[in-house]
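**Student:** The structure's right below; bear with me while I get my questions together.
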Amino acid sequence: MKKKIVKKLISVSLVSAMAVSMLAACGSGGDDAAEGGNGSEGGDNVLKVAAFEGGNGAEIWEKITAAFEEETGCKVELELSSELDQVLTKDIQNGDIPDIVYYNLGQESGFTETMLKEQAVADISDVFDDELKGKMLDGILDGTAAQPYGDGKIYLAPIFYTQTGFWYNATLVGEGKQYALPTTWEEFFALGQQAKADGRALFTYPQSGYFDATIYAMLAQAGGTDFYNNALTYDANTWTSEEGKKVLDTVAQLVSSDNIWADTVSNANTDGGFKINQQAVIDGDALFMPNGSWVVGEMANTTPAEYEWGVMGVPKWSADESQAVYTFTEQMWIPADAANIDLAKEFIKFMYSDTVVDLCLSNTTTNKETGETSDSPIVVPVKGAAEKLPDGVIKSSFQTGDDVVAVTGTWATTAPIEGLDMKGSIYGPIDSISNGEMTVDEWQSQLTDVWEKCADAME
């Protein structure tokens with residue numbers, strides 16, 4: 001099977017060289033994959049773990065794998081990289097397939113999505129028996145972030161989670177502060193006019209891709225759960241409906257010159273500019289931005305001691321609506337042709353153990369340039385984990401209550417569509433709308449065309 005995988009990867013990688021963001025995918029699993037699950041290569045007692053080294057740092061994976069070795073007696077070969085997509089492409093071309101991968105959906109490379117499109121990810125539904133499901137947060141396994149094909153089978157394990165929203169400068173905004181905290185879009189945009197009069201912008205964003213969680217929450221807020229779930233599976237009326245158009249119009253108003261920090265678009269890139277936009281909120285040049293709790297650790301070295309973070313859900317259109325809060329998950333998965341699928345499944349189960357929960361909550365990250373460490377807690381999606389966080393903004397970012405509706409999932413996986421940059425098509429136009437180079441109607445038309453193509457390619 002590996003020869004087939006390598007041949008496929010080499011042919012795909014030739015295309016990748018021409019389109020930088022596209023990455024090669026390994027072959028889909030069949031009978032050979034089933035045989036691989038018996039540990040025919042690499043040995044049942046050796047587990048190859050490939051993990052993305054991002055904002056959570058490297059130390060947490062070293063601790064988790066060491067704990068797994070201690071509990072099981074197996075040996076773990078850990079491969080960490082901040083460019084894991086590129087590393088895995090080369091590894092698989094060389095016939096070196098990891099047993100388990102931590103690499104999220106929604107990354108610029110689209111590596112995990114490509115693996116899913118090629119049916120090269122193993123079905124792990126049997127990992128989540130009734131006992132484990134009962135331990136996990138309600139609904140966390142139900143969305144397309146765990147069931148990407150919408151077929152009731154789980155392929156992606158949600159191992160970490162955070163609730164997203166609008167992070168803001170609580171030194172300036174909040175009870176008793178210069179600006180009152182808004183709850184509705186009407187109040188939000190009125191605050192924008194007040195801030196503008198003071199020489200401040202209402203809003204900025206790190207990159208246009210950060211609107212993913214915002215738009216998910218807005219769709220659920222605008223049309224309810226059924227409308228939202230239909231949108232995830234490319235319902236033809238998603239963007240032409242009153243609810244969908246309301247979302248697009250509101251985003252356009254949000255990034256208009258009346259509300260956006262002037263340097264936002266020029267900085268909205270992965271080359272470090274996104275941190276300049278985030279710093280604008282810390283410095284008080286802008287008040288709000290879409291983000292997740294990772295921003296606290298990410299910006300710790302440039303955050304003054306007296307600064308206060310705040311976080312709120314995306315504003316509502318009506319004060320009496322329930323609050324839709326998008327829950328972002330990070331995923332772990334098993335390649336369909338992994339040598340030790342059974343041991344990899346045991347590792348996934350271990351990710352929900354009390355041992356890992358406590359290791360993640362006590363996580364710290366170290367700045368490689370300064371050597372300074374900062375608390376960077378990670379929350380595993382099991383019941384009660386978030387309640388163990390120390391009081392503060394990180395804990396408050398996990399919004400709960402009878403009037404809060406947790407929203408999960410991502411756009412459903414389809415068969416490969418030649419030439420389609422899904423993320424770029426959905427969120428890329430936001431930069432152009434902010435600059436006045438594109439209209440909302442043009443964005444709506446583009447999205448409608450994309451949804452038609454995706455609906456036709458649904459498996």
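The values are calculated or read from the model by the stated rules, or taken from the named source; none is laboratory data. Everything numeric in this text was worked out from a predicted model, so none of it was measured. All Cβ positions, even for glycine, are placed from backbone atoms using ideal geometry, and neighbour counts span all protein chains on display. Accessible surface is based on the protein model in full, side chains and every heavy atom, while ligands, DNA and RNA are left aside. Shrake-Rupley method; radii C 1.70, N 1.55, O 1.52, S 1.80 Å.
**Student:** Quick check for me: using +1 on Lys/Arg Cβ and -1 on Asp/Glu Cβ, what's the dipole size of the stretch 401-459 about its Cα centre, in debye to the nearest 20?
**Tutor:** Details: 2 positive and 12 negative charges, 27 e Å.
Rounded to the nearest 20 debye, it is 120 debye.
**Student:** Show that you can apply the helix-only estimate: for the chain, add -39,500 (n - 2.57) for every DSSP H stretch of four or more residues, divide by all residues, and state [θ] at 222 nm to the nearest 500. Walk me through the numbers on the way to the answer.
**Tutor:** Details: 18 runs with 179 residues, N = 459.
Calculated from helices alone, the mean residue ellipticity at 222 nm is -11500 deg cm²/dmol.
**Student:** Past 20 Å, Cα to Cα: identify those pairs from LYS75/LYS153; LYS63/LYS395; LYS117/LYS153; LYS423/LYS453; LYS246/LYS316, in the order given.
**Tutor:** Working: LYS75/LYS153 29 Å; LYS63/LYS395 23 Å; LYS117/LYS153 15 Å; LYS423/LYS453 14 Å; LYS246/LYS316 12 Å.
Cα-Cα > 20 Å for LYS75/LYS153; LYS63/LYS395; rest within.
**Student:** Please compute the volume of the convex hull spanned by the alpha-carbon atoms of the stretch 192-306 and report it per residue in Å³. Walk me through the numbers before you get to the answer.
**Tutor:** Details: hull volume 14.7 nm³, N = 115.
Given the Cα convex hull of the stretch 192-306, per-residue volume reads 128 Å³.
**Student:** If you average 1/r across every pair of different Cα atoms in the stretch 93-244 and take the reciprocal, what Kirkwood value do you get, in Å? Each step should come with its number before you reach the end.
**Tutor:** Working: mean 1/r = 0.0525 Å⁻¹.
One decimal place: 19.0 Å for the Kirkwood radius.
**Student:** If you don't mind, there's one more thing I want to ask. What per residue convex hull volume, in Å³, do the alpha-carbon atoms of the stretch 199-248 yield?
**Tutor:** Numbers: hull volume 4.5 nm³, N = 50.
It is 90 Å³ per residue.
**Student:** Given the convex hull over the Cα atoms of the stretch 108-188, what projected area results after averaging over all orientations, in nm²?
**Tutor:** Numbers: hull surface 35.5 nm².
Projected over every direction and averaged, the Cα hull of the stretch 108-188 covers 8.9 nm².
**Student:** Additional query: Heavy-atom accessible area per residue, the stretch 246-315, 1.4 Å probe: how many Å²? Show your work: numbers first, answer last.
**Tutor:** Numbers: 2570 Å² over 70 residues.
Ligands and nucleic acids excluded, the result is 37 Å² per residue.
**Student:** Report the Stokes-Einstein translational diffusion coefficient (µm² s⁻¹, integer) for the stretch 270-397, Rh taken as the Kirkwood radius over Cα pairs, at 25 °C with viscosity 0.890 mPa s.
**Tutor:** The diffusion coefficient I find is 140 µm²/s.
**Student:** Relative contact order (percent) for the stretch 69-186, with alpha-carbon contacts under 8 angstrom and 6 or more residues of separation?
**Tutor:** Working: 61 pairs, mean separation 14.3, N = 118.
Reported as a whole number, the value is 12 percent.
**Student:** Determine the relative contact order of the stretch 360-459: mean sequence separation of Cα pairs under 8 Å and six or more apart, normalised by residue count, in whole percent.
**Tutor:** On the way: 62 pairs, mean separation 19.9, N = 100.
RCO, the stretch 360-459: 20 percent.
**Student:** A further question on this structure: Rg to Rh ratio, the stretch 349-391, alpha-carbon atoms and Kirkwood radius? Walk me through the numbers before you get to the answer.
**Tutor:** On the way: Rg = 12.1 Å, Rh = 11.3 Å.
Result: Rg/Rh = 1.07.
**Student:** May I pose another question? Below 8 Å between Cα atoms, with a sequence gap of 6+, how large is the relative contact order for the chain in percent? Please report the intermediate quantities before stating the final value.
**Tutor:** Values: 839 pairs, mean separation 116.6, N = 459.
Relative contact order here is 25 percent.
**Student:** Any chance you could give the angle, 0 to 90 degrees and rounded to 10, that helix 185-197 forms with the longest Cα principal axis of the chain?
**Tutor:** That works out to roughly 60 degrees.
**Student:** Also, I was wondering about something else. Quick one: accessible surface of GLU113, probe radius 1.4 Å, all protein chains present, in square angstrom to the nearest 10.
**Tutor:** The accessible area comes out at roughly 50 Å².
**Student:** For the chain, what is the percent of antiparallel DSSP beta bridges, rounded to the nearest 5?
**Tutor:** For the chain, the DSSP antiparallel bridge percentage is about 55.
**Student:** Can you give me the solvent accessible area of LEU191 with a 1.4 Å probe, rounded to the nearest 10 Å²?
**Tutor:** For LEU191, the solvent-accessible surface is approximately 10 Å².
**Student:** Taking N as the number of residues in the stretch 267-340, what is its Cα Rg relative to 2.2 N^0.38 Å? Before the final figure, lay out each step's value.
**Tutor:** Details: Rg = 17.4 Å, N = 74, 2.2 N^0.38 = 11.3 Å.
That works out to 1.54 for the stretch 267-340.
**Student:** To the nearest 20 debye, what charge dipole does the stretch 262-389 have about its Cα centre, counting +1 at the Cβ of each Lys and Arg and -1 at the Cβ of each Asp and Glu? Before the final figure, lay out each step's value.
**Tutor:** Numbers: 7 positive and 19 negative charges, 68 e Å.
I would put it at about 320 debye.
**Student:** Taking the stretch 238-290 on its own, what percent of its Cα-Cα pair distances exceed 17 Å? Before the final figure, lay out the partial values.
**Tutor:** Details: 631 of 1378 pairs.
The answer is 46 percent, as a whole percent.
**Student:** Dipole of the stretch 343-459 (Lys/Arg Cβ +1, Asp/Glu Cβ -1, origin at the Cα centre): which of SER362, VAL379, THR448 lies farthest to the positive side?
**Tutor:** The Cα lying farthest towards the positive end belongs to SER362.
**Student:** With only alpha-carbon pairs counted, each pair once and no self-pairs, how large is the Kirkwood hydrodynamic radius of the stretch 410-459 in angstroms?
**Tutor:** Working: mean 1/r = 0.0862 Å⁻¹.
Evaluated over the stretch 410-459, this radius sits at 11.6 Å.
**Student:** Which one, MET332, LEU88, CYS74, is farthest towards the positive end of the dipole of the chain when Lys and Arg carry +1 and Asp and Glu -1 on their Cβ?
**Tutor:** LEU88
**Student:** Using only the alpha carbons of the stretch 314-459, determine the length spanned along each of the three principal axes and report them from longest to shortest in whole angstroms.
**Tutor:** 50, 49, 42
**Student:** Tally up the carbon and sulfur contribution to the accessible surface of the stretch 247-379 as a whole percent, 1.4 Å probe, everything protein left in place. It would help to have the intermediate numbers written out before the result.
**Tutor:** On the way: 2240 of 5000 Å².
Result for the stretch 247-379: 45 percent of the exposed heavy-atom area is carbon or sulfur.
**Student:** To the nearest 20 debye, what is the magnitude of the charge dipole of the chain about its Cα centre, counting +1 on the Cβ of each Lys and Arg and -1 on the Cβ of each Asp and Glu?
**Tutor:** On the way: 28 positive and 72 negative charges, 89 e Å.
Computed charge dipole of the chain: roughly 420 debye.
**Student:** Pairwise over distinct Cα atoms, reciprocal of the mean inverse distance: report the Kirkwood radius of the chain in Å, one decimal place. Could you put the intermediate results ahead of the total?
**Tutor:** Numbers: mean 1/r = 0.0436 Å⁻¹.
Evaluated over the chain, this radius sits at 22.9 Å.
**Student:** For the stretch 385-459 and the stretch 338-364, what is the separation of their Cα centres, given in Å?
**Tutor:** 28 Å
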